[in-house]
Every structure is written in structure tokens, then in C-alpha cells.
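J.: Below you will find the structure I want to go over with you.
Derivation of every value follows stated rules applied to the coordinates shown; laboratory data play no part. Here the structure is a predicted model, which is why all the values come from computation and not from measurement. Here the Cβ is made from the backbone with ideal geometry for all residues, glycine too, and neighbour counts use every protein chain on show.
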Amino acid sequence: MTLGDGPDAWKTGSLDPDSRPGRIYLFVDRNPGCSKQQIVDSVKISRGSVSYHLQRLARRYIIYSFPYHGNMCYYTSRQEPGSVEYCIFSLITRERLFFFFQTLYDHPNATRNELAVLMQVTTMTVQWYLSWFSDDRILAETFEEKSKRYALTSEACLVYERITAEP
């Protein structure tokens with residue numbers, strides 16, 4: 001991906017990919033849902049400078065921030081907020097949430113107790129993860145044999161497979 005590609009090329013056409021704003025844009029474009037700290041660590045620019053350039057890019061509607069479960073996540077104007085894809089990108093950047101997501105992906109229709117054993121955590125921890133995912137159109141709940149079973153929605157599975165597919 002180079003600056004100036006895509007439907008919003010007019011917004012990024014004046015960004016030099018070697019400039020600080022250009023480097024920030026390219027990182028966010030490749031890592032949707034990233035945090036400010038991840039940007040700082042990756043592009044090797046001070047936190048203050050990253051904050052300044054993110055604000056300037058946001059004023060030009062090139063990058064926007066969106067709070068996701070209490071954490072500010074950054075996206076380019078090419079990425080749609082509120083979609084399942086948006087939620088999954090945000091989860092991938094957080095190790096424990098992604099581990100839970102991956103466990104659900106690998107073990108569909110598991111009970112809360114089965115998930116606790118698979119993840120080696122308590123059922124209360126699993127309940128916390130389940131409550132986190134329930135708001136994001138990612139989690140499907142079914143009742144089978146007098147127990148509640150959990151799986152990812154078909155849309156979440158398709159998005160995840162598309163995101164992780166080898167080019």
C-alpha cells in the first residue's frame with residue numbers, strides 16, 4: 001500500500017511516506033485498531049509528536065480515533081467503524097482478547113466450563129470475556145442439552161478468515 005491508493009486518495013496524496021505523518025498513516029492503515037502506544041513503539045517517534053500528528057491527520061479526516069471498550073483505537077478513513085471487521089481488528093491487537101477469540105474460533109459451541117478448561121482460567125474470567133464479546137456482533141449463544149453454548153457468529157468467522165488469509 002502506498003499513500004494515495006484507494007477511494008480517499010485525494011486525502012493522502014500530499015503525504016510524504018517518509019514524513020512523520022506519512023509513517024503514522026501507513027502504520028495505522030496496516031494495523032487498524034492500533035493504540036497510540038503501538039504507533040509510538042512502531043514508528044519510533046515521541047508520544048507528543050505522534051499525538052500532534054494524529055490530531056492534524058484527524059482534522060483532515062485522514063485518521064480518526066474511536067473508543068473501543070474504554071481504549072482509544074485509530075483507523076484510517078478507509079476503514080468502517082462499527083463493523084465486525086472493525087471489532088476484530090481491535091481484538092487482534094490485544095493479546096488476551098485475541099486468545100479468547102481464537103479459542104472460540106477453534107472450539108465452536110463450547111460451554112463456559114469447557115472454555116475455562118481450554119484457556120486454563122476460571123469460569124468467572126470466561127464470563128467476563130463473554131460479556132465483552134456480546135456487544136460486538138461477534139458472539140452467538142445457543143442452548144443445547146440444558147446448557148448454553150458459545151461460538152463466533154458466521155460473519156465474524158468469515159471476516160477473520162479473510163483478514164488472516166495469505167495473500
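J.: Tabulate in residue order the Karplus-calculated ³J(HN,Hα) for the range 138-144, using 6.51 cos²θ - 1.76 cosθ + 1.60 with θ = phi - 60°, rounded to whole Hz; enter x for Gly and Pro.
T.: 10, 9, 10, 10, 9, 10, 9
J.: How much length, in nm to one decimal, is gained on full extension between ARG162 and LEU118, taken as 0.36 nm per residue of separation minus their Cα-Cα distance? Could you put the intermediate results ahead of the total?
T.: Values: separation 44, 0.36 × 44 = 15.84 nm, distance 2.51 nm.
Working it through step by step, the gained length comes to 13.3 nm.
J.: Points 7 angstrom from Cα along the Cβ direction at GLU141 and SER154: gap in nanometres?
T.: Between GLU141 and SER154, the simple spin-label model gives 2.2 nm.
J.: For ARG149, what residues show an amide H to amide H distance below 5 Å, using hydrogens built from the backbone and excluding near sequence neighbours?
T.: Those qualifying (amide H under 5 Å, at least 5 residues apart or on another chain) are THR142, PHE143, GLU144.
J.: Near the amide H of CYS34, under 5 Å away, which other amide H atoms are found, from residues 5 or more places off or on another chain, if H is placed in the peptide plane?
T.: For CYS34, whose amide H was placed from the backbone, the distant partners under 5 Å are TYR74.
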